[in-house]
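Chemist: My questions will all concern the structure given below.
FYI, it's all coordinate maths here, none of it is from the lab. Bear in mind the structure is a predicted one, so any value in this text is a computation, not a measurement. Every residue, glycine among them, receives a Cβ derived from its backbone with ideal geometry; neighbour counts consider all protein chains shown.
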Amino acid sequence: MVAAMTNTPPDHAATRPEIRFTKGRARRFRSGHPWAFSNEIDMTPETKALPPGTLVTLVDAGDEKLGVATFNPHSLIAARVLSRRPTDTIDAAFLAERLTRAAALRDTLFGAPYYRLIHSEADGLPGLIVDRFGDVFTLQINTAGMELLTPVLLEALEMALKARVVVLRNDSPVRGLEGLPLEHRVAVGELTGPVELVENGARFLADLAEGQKTGWFYDQRDNRAFMAKLAQGRKVLDVYTYAGGFAVQAALAGATSVTAVDRSETSLALAEGAAKLNDVPVALVRAEAYAEMARLDAAGERFGVVIVDPPAFVKSKKDLHAGAKGYRKMARLAAPLVESGGFLFCASCSHHMPVEMFAEEIAHGLQLAGRSGRILRSSGAASDHPVHPMLPESAYLKALVLQLD
C-alpha cells in the first residue's frame, strides 16, 4: 500500500527521474493523449524500482524530453502527464495555477462557487476530483501520484481559493488499482454538519461526512433544470432522490405535487432539509425503488413526470450484463407510471455502460411495459465535468428524456 506522505520531497527538473518510451511508442502521447501505458515504457530495473506516484520526466527513445508525469510501475496506466513542459516544477504554485484556472472557468459558467472544480485529466490534474461548496472542498484522490502530492495540493487550495475546510473522500474502489488504501477524513478545518449549496437558484444540503461520493452530484445540474421546466403544472415522481435535487427544483418550478423516493433515511433527511430551505412541499417516501414503482402502478398512480436517477448499476465490466438488465427493469417499472403525453427521465452514471447499450435497454424496458414514445433529449454531465479530447470514454453520465404516448 502507498501511504499518504506528510512531507512531500520538493520537485526539481534537474534531479527528477527520467523514464523512457520504447522506440516508436511515443507517437500516441505526442498526439495529445494524457497517458503512457506500461507497454509503451522501457521498464528497466531502475524504472520498475521507482516508488508508485513518483514525479518523472518523460523522454522518448531519441532523448527528447516530452513532459512531467506521475509514474506508477505497477499500473497499466503507468504515467499520467501533468505538464508538457519538462522544465516545470510541480509545487504548490503550479497546482494553485491549475486550481485558479479551473475556478475561473466555473465562475464564468455558473457565477457562484458551487461546482465540480477539478475533473481529472480535463483540468490538467489526473487522478483528482474536487467539488466546491463555497470555501469547503471535497477531494477524491484516485492515483498514487496525486496521493503523494496531497500535502502540496492542500497548500495550493489554501493559496488559491482560501479553503476553510477540506474533506478527503478517498473511498473509491479504483484506488485499489493503484495500491492505495481507502480513507475518509477531514484534512483541513472542522466539519460540523451538512454544508449548504446553491444549484439553479435552489438551496440544498450536502453531507460531506456520510453522503454518497463527494456529497453532491453536480453532474445532473443541467438535467435538473431541464426537467424542472417540464414539471410545471404536472405531478412529479422522483425515484432515487438522494438529497432531493430533482424533486425540489421541480417543486420550485410549479409542479402540482412532488413525491420523492429513496431507501436511505439519511438521504431523505437531506431532501427534507432542502424542501424546508426552499419552502416547497415534497412528499418523502422511504422505500426500495423497484418495489415502490410496482406498488404505485398497482394502485393506479400516474404522473406527468417520472425521474429515475439510480446509483451505478455497472461498477465494473463484469457487472455489465446484470447492470444492463437492471436498467431495462427500471424502465419497465417506471414507464407505466407516466401518463399519456407525460415525460420519463432515465439516467446512468455507470462508466462501464456504453451509451448505445443504455439507450437499447431503456427502449427494451418501454417495449416490455407496452409503451411507445420518442426521445426528446440525450445528454451527459454538466459543463463543470469537462472531458479530455483524447479520453471521450471518460464521459460517464448518460441521460434520456422521453415523452410517452
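Chemist: Express the relative contact order of the chain as a whole percentage, based on alpha carbon pairs under 8 Å and six or more residues apart in sequence.
Modeler: Numbers: 888 pairs, mean separation 44.9, N = 405.
Rounded, it is 11 percent for the chain.
Chemist: With everything on Cα atoms, drop me the angle between helix 92-110 and the longest principal axis of the chain, reported from 0 to 90° to the nearest 10.
Modeler: With both axes taken from Cα atoms, the answer is about 30 degrees.
Chemist: Find out how many positive minus negative residues lie around GLY24, taking Lys and Arg as positive, Asp and Glu as negative, among other residues whose Cβ is under 14 Å from that of GLY24.
Modeler: On the way: positive: ARG20, LYS23, ARG25, ARG27, ARG28, ARG30; negative: GLU40, ASP42, ASP60, GLU64.
Cβ neighbours under 14 Å give a net charge of +2.
Chemist: So for the range 42-190, averaging the separation of alpha carbon pairs under 8 Å that are six or more residues apart and normalising by length, what relative contact order in percent results?
Modeler: Values: 274 pairs, mean separation 27.5, N = 149.
This gives 18 percent for the range 42-190.
Chemist: Take the cross-link list LYS235/LYS315; LYS213/LYS317; LYS213/LYS398; LYS48/LYS318; LYS162/LYS315; LYS162/LYS276 and give me the ones stretching past 23 Å between alpha-carbons. Walk me through the numbers before you get to the answer.
Modeler: Values: LYS235/LYS315 32 Å; LYS213/LYS317 20 Å; LYS213/LYS398 18 Å; LYS48/LYS318 30 Å; LYS162/LYS315 35 Å; LYS162/LYS276 30 Å.
Pairs exceeding the cut-off: LYS235/LYS315; LYS48/LYS318; LYS162/LYS315; LYS162/LYS276.
Chemist: Run through the range 64-127 and list the GluC sites (Glu not before Pro) located in a DSSP loop whose Cβ has at most 13 other Cβ atoms within 10 Å.
Modeler: Values: sites: GLU64, GLU97, GLU121; in loops: GLU64.
Sites meeting the loop and neighbour criteria: GLU64.
Chemist: Let me ask something else. Quick one: angle between helix 355-368 and the longest Cα principal axis of the chain, in degrees between 0 and 90, rounded to 10, please.
Modeler: On a 0 to 90 degree scale, this one is about 20.
Chemist: Please give the helix 221-231 orientation as an angle from the longest Cα principal axis of the chain, in degrees from 0 to 90, rounded to the nearest 10.
Modeler: Tilt of helix 221-231: around 10 degrees.
Chemist: May I ask for the distance between the Cα centers of the range 379-405 and the range 248-324, given as a whole number of Å?
Modeler: Between the Cα centres of the range 379-405 and the range 248-324 lies a distance of 21 Å.
Chemist: Can you compute the FRET efficiency between GLU210 and ALA14 using 1/(1 + (r/R0)^6), with r the Cβ-Cβ distance and R0 = 51 Å? Round to the nearest 0.05. Don't jump to the answer; show the numbers that get you there.
Modeler: Details: r = 46 Å, r/R0 = 0.90.
According to the calculation, E is roughly 0.65.
Chemist: With a 10 Å radius around each residue's Cβ, average the other Cβ atoms per peptide and rank 149-162, 389-402, highest first.
Modeler: Details: 149-162: 19.5, 389-402: 17.2.
Per-residue Cβ counts within 10 Å, averaged per peptide and sorted highest first, yield 149-162, 389-402.
Chemist: Next up: Given Cα pairs under 8 Å that are at least 6 residues apart, what percent is the relative contact order of the range 195-404? Write down the numbers at each step before the final one.
Modeler: Numbers: 451 pairs, mean separation 38.5, N = 210.
After rounding, I find 18 percent.
Chemist: I'd like the projected area of the chain, averaged over all directions, using the convex hull of its alpha carbons. Report it in nm² with one decimal.
Modeler: Details: hull surface 79.0 nm².
Seen from a random direction, the Cα hull of the chain projects 19.8 nm² on average.
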